[in-house]
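Please read the structure below before turning to the comments.
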Amino acid sequence: MRRLFTCIAALCALTSGAALIQLKYAVQEQAENVEAIARQIHQDQESLRILEAEWAYLTSPRTLQELSIEFLALMPPSSKQVVGSVTEIPLRRSREVVGGDTSVLLSTADKKSQKNKQKNKQPSANSAGGKQATSEGNT
Amino acid sequence: MATLGARSISMDLDHTYRKPTPLSVARSRLMVGVILFMTAFVLMSVRTINLGMAAPLANRTAERQIVVPPVVFSRSDIVDRNGEVLAVNLQTSSLYANPQKVKDPALVAEQLAGILPELSRAELEQKLSSKKNFIWIKRKLTPRQKWQINALGVPALNFRAEEDRLYPHGRLAAHALGYVDIDGNGLAGVEHYFDERLSEAARTSEPLALALDIRVQYALADELEAAMRAHQAIGAAGLVMDVRTGEVLALVSMPDFDPNNVRGVGDAQKFNRASKGVYELGSTFKTFTFANALDDRVATLDDGYDATKPLKISRFLIRDDHPKKRYLSLPEIFAFSSNIGTAQLALDIGGERQQEFMQSIGLLTPSSVELTEVGAPMYPANWRKVSTMTISYGHGIAVSPLQLATGISAIVNGGTLNSATLLKNKDAWQDGQRVISPATSRQMRQLLRLAVTKGTGGRSDATGYRVGGKTGTAEKASGGGYAKKSLISSFMGVYPMDDPQYAVFALLDEPKGTKETFGFAGGGWVAAPVVKNVILRTAPLLGVLPREEDKGLYQNIALMIEDD
């Protein structure tokens with residue numbers, strides 16, 4: 001009985017000792033991990049500064065304008081292109097522009113092309129029609 | 001415990017004293033040890049349970065926490081009002097060598113000269129074959145150069161980490177920012193003015209926020225550069241100012257320089273025309289004369305002066321650039337920029353009062369902007385009658401563009417003067433000092449708007465933005481007289497006139513007329529379009545909405561201007 005007890009105690013001591021060592025190493029490894037991560041964060045912060053400077057350099061207005069001239073057809077905005085309030089947005093034309101025929105059910109892209117056609121035909125009449133549509137509301 | 005109890009009981013039971021046997025002595029001694037150990041174990045287990053049950057102690061773990069080392073640098077960043085980086089300190093490497101370890105100086109010199117073309121091969125070879133054990137080869141390499149040198153694999157070459165000041169936007173805002181020397185000391189601009197603050201060790205991680213807006217700065221610089229090229233001007237200056245706070249959103253001086261590399265940059269490029277240059281700005285000064293007269297009730301807008309013929313005062317003759325040869329009402333004098341009318345108005349104000357007013361609006365003292373390059377205004381020490389007359393239309397007094405913009409801002413913003421500032425400070429309007437009444441300010445706004453719609457500043461009228469402003473054309477003083485051909489042409493614009501928010505100033509130094517301007521090189525021809533383009537480009541960025549103008553605001557005065 002006593003012997004059994006001694007054996008169990010010894011076993012317990014051994015296992016707990018082994019577990020402790022295991023834990024110690026695990027903690028050490030984690031601590032090293034944390035330190036490595038901290039170092040990594042520091043390095044990242046440093047490269048972040050460099051990248052921020054590079055970003056500022058690459059997005060400098062002069063660079064952007066040169067790229068815009070090369071790849072886009074953008075011009076400085078005129079005051080007509082700036083919409084000041086929601087009420088300045090013209091409402092979408094209602095049915096009578098399309099003319100009540102089946103093309104009402106066309107997809108928006110098709111409607112657009114149709115509109116453009118009409119616009120080309122009668123630009124002045126069209127704009128007047130647009131105003132009417134605004135007053136009548138979008139049904 | 002049980003054995004101990006049994007033993008004491010047995011001792012109690014037999015009343016006779018017996019000499020203890022060696023075995024029992026050993027046993028009782030052993031018991032002492034056992035009791036000690038057991039107490040210790042009990043204590044330990046109690047403590048273990050106690051620790052296990054207790055809440056973790058926060059401050060104990062903090063000691064073990066690993067702190068991320070902060071990125072330290074020796075000088076604060078400079079950012080614009082939107083946080084865009086304007087100046088930043090970065091780690092770079094400097095190359096040095098230990099010549100004693102170099103085996104083949106000729107080869108190394110040749111390789112290095114290939115990577116660093118600005119160094120001469122012969123000089124490098126001489127340096128590398130010297131007997132020293134430390135020589136600098138090049139300070140502040142680019143990352144690419146460093147990589148290439150590393151790839152050579154020469155053990156005698158080494159790097160030392162250094163900091164370099166970088167201006168990612170290059171020439172943009174060079175005059176406002178200034179530059180630093182190789183050791184990072186500010187030598188000009190904001191870098192110099194705030195040198196102590198920028199290098200203060202405790203505050204380097206805190207960027208210095210300027211009032212500049214790099215997008216506005218670019219729009220102004222780009223337009224001025226284009227105008228300078230088109231009119232073959234020798235220089236240009238311009239600025240954009242928030243009229244309510246005095247914050248400078250853009251400050252341009254041309255020709256400019258790249259603060260990343262100031263070696264070999266001449267004084268002409270470094271000279272800040274917007275703050276250090278003082279110029280006779282011409283008719284823009286009429287704004288001050290009119291504000292003065294209206295505020296003192298020397299004259300009302302219903303009055304007028306005779307401008308049929310040039311005005312003679314001692315040996316001077318005051319002429320009009322756009323002569324109408326008739327009686328002009330005050331709004332007409334302003335819109336058509338009549339020197340004759342303005343000079344007579346100034347005489348009614350009186351020299352002393354005029355000087356006092358100019359002083360109050362900051363035209364006779366250097367601007368208090370945060371730059372060391374600030375020019376002192378020039379004006380006659382002896383303010384005679386003829387000075388009063390010429391100063392009323394901007395001759396005989398030279399001020400910096402910054403002073404002018406500050407003064408004009410005060411005239412249009414409701415009458416409070418805020419000193420110009422390069423620091424972001426939205427609350428600066430609170431320090432404003434009243435210089436004219438709000439009513440006068442409203443009248444001046446009407447006059448400035450009409451000078452654009454009906455007068456000389458028509459080419460600045462950016463559709464939808466209700467621009468108001470005044471042209472200025474002055475002949476440059478040279479050798480005691482004035483040079484007819486070399487002009488200082490400027491335009492001072494403010495928008496939107498019904499709720500003034502930004503003042504835009506553009507100045508061209510010695511512009512030449514072109515076919516497009518019919519050979520004219522005055523402020524209305526060369527500088528006003530710059531202001532117009534800048535407004536068109538920047539108003540959407542600054543959140544100013546284009547709107548149909550309320551013509552009623554200007555009607556009563558517009559009726560007094562007769563076109564002929």
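The values are calculated or read from the model by the stated rules, or taken from the named source; none is laboratory data. These numbers come from a predicted model, not from an experiment. Please note: Cβ atoms are built from the backbone with ideal geometry, for glycine as well, and neighbour counts cover all protein chains shown. SASA here: full protein model, heavy atoms, side chains in, ligands and nucleic acids out. Shrake-Rupley method; radii C 1.70, N 1.55, O 1.52, S 1.80 Å.
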**Request:** Ignore the peptide's own chain and count Cβ atoms of other chains within 10 Å of each Cβ in A:43-54; give me the average, rounded.
**Result:** 4
**Asked** If all Cα-Cα distances of the range B:451-564 are sorted into 5 Å bins from 0 onward, what percent lands in each bin, rounded to whole numbers?
**Response** 2, 12, 20, 20, 17, 13, 9, 4, 2, 1
**Message:** Just to be sure I follow: if Rg is taken over the C-alpha atoms of the protein assembly as shown and Rh is the Kirkwood radius over the same atoms, what is Rg/Rh?
**Reply:** 1.26
**Paired Rg and Dmax values of chain B, which use every Cα atom, in angstrom** = 38.8, 152
**Accessible area in square angstrom per residue, chain B, 1.4 angstrom probe** = 48
**Fill in**
Judged on accessible area alone, 1.4 Å probe, highest first, A:Y25, B:Y465 line up as A:Y25, B:Y465
**Message:** Just to verify a number: what accessible area does B:K424 come out at with the full protein assembly present, 1.4 Å probe, Å² rounded to tens?
**Reply:** 90
**Fill in**
Around B:R160 (Cβ within 13 Å, Cβ-to-Cβ, excluding B:R160; K/R +1, D/E -1) the net charge comes to +1
**Request:** Would you please name the GluC sites (Glu not before Pro) within the range B:219-266 that are DSSP coil residues with at most 10 other C-beta atoms within 10 Å of their C-beta?
**Result:** none
**Message:** Which aspartates and glutamates, if any, have their Cα less than 19 Å from the Cα of B:K426, not counting same-chain residues under 8 positions apart?
**Reply:** B:D80, B:E84, B:E206, B:D213, B:D242, B:E247, B:E370, B:D499
**Request:** May I ask you to give the solvent-accessible area per residue for the range A:2-68, in square angstrom, as obtained with a 1.4 angstrom probe?
**Result:** 81
**Item:** Where B:T406, B:T21 fall by accessible area, highest first, once all protein chains stay in place (1.4 Å)
**Value:** B:T21, B:T406
**Item:** Charge tally in the Cβ shell below 9 Å around B:I234, where Lys, Arg are +1 and Asp, Glu are -1, B:I234 excluded
**Value:** -2
**Request:** Return a whole-number percent for the relative contact order of the range B:177-289, with Cα pairs under 8 Å and 6 or more residues apart as the contact set.
**Result:** 18
**Message:** Tell me the accessible surface of B:E110 in square angstrom (1.4 angstrom probe, heavy atoms of protein chains only), to the nearest ten.
**Reply:** 100
**Request:** Determine the alpha carbon to alpha carbon distance for each of A:K80/B:K276; B:K276/B:K424; B:K325/B:K476; B:K470/B:K551; B:K476/B:K515; A:K80/B:K454 and list only those over 30 Å.
**Result:** A:K80/B:K276
**Message:** Pairs of alpha-carbon atoms within less than 8 angstrom and 6+ residues apart define the contacts here; what relative contact order does the range B:309-387 have, in percent?
**Reply:** 21
**Request:** Determine, from the Cβ-Cβ distance of B:L36 and A:K24 and an R0 of 30 Å, the FRET efficiency 1/(1 + (r/R0)^6), rounded to the nearest 0.05.
**Result:** 0.55
**Request:** Please compute the net charge surrounding B:V248, taking Lys and Arg as +1 and Asp and Glu as -1 over other residues with Cβ under 15 Å from its Cβ.
**Result:** +1
**Prompt:** Just by accessible area at a 1.4 angstrom probe, what is the order of B:F194, B:F334, B:F159 from largest to smallest?
**Reply:** B:F159, B:F194, B:F334
**Asked** Chains B and A: buried accessible surface, both sides, probe 1.4 Å, rounded to 100 Å²?
**Response** 2400
**Message:** Solvent-accessible area of B:I78, probe 1.4 Å, all protein chains present, reported in Å² to the nearest ten, please.
**Reply:** 0
**Prompt:** Restricting to chain B, what percent of DSSP beta bridges are antiparallel, rounded to 5?
**Reply:** 95
**Fill in**
Taking only the alpha carbons of the range A:14-92, the radius of gyration and the largest Cα-Cα distance, Dmax, both in angstrom, are 28.5, 85
**Percent accessible area from carbon and sulfur atoms, the protein assembly as shown, protein chains only, probe 1.4 Å** = 57
**Item:** Relative contact order %, chain B, counting alpha carbon pairs below 8 Å whose residues are six or more apart
**Value:** 13
**Prompt:** Looking at the P(r) of the range B:60-139, how many percent of alpha-carbon pairs lie beyond 20 Å?
**Reply:** 57
**Residue-averaged [θ]222 nm for chain B, counting only DSSP H segments that reach four residues, each worth -39500 (n - 2.57)** = -11000 deg cm²/dmol
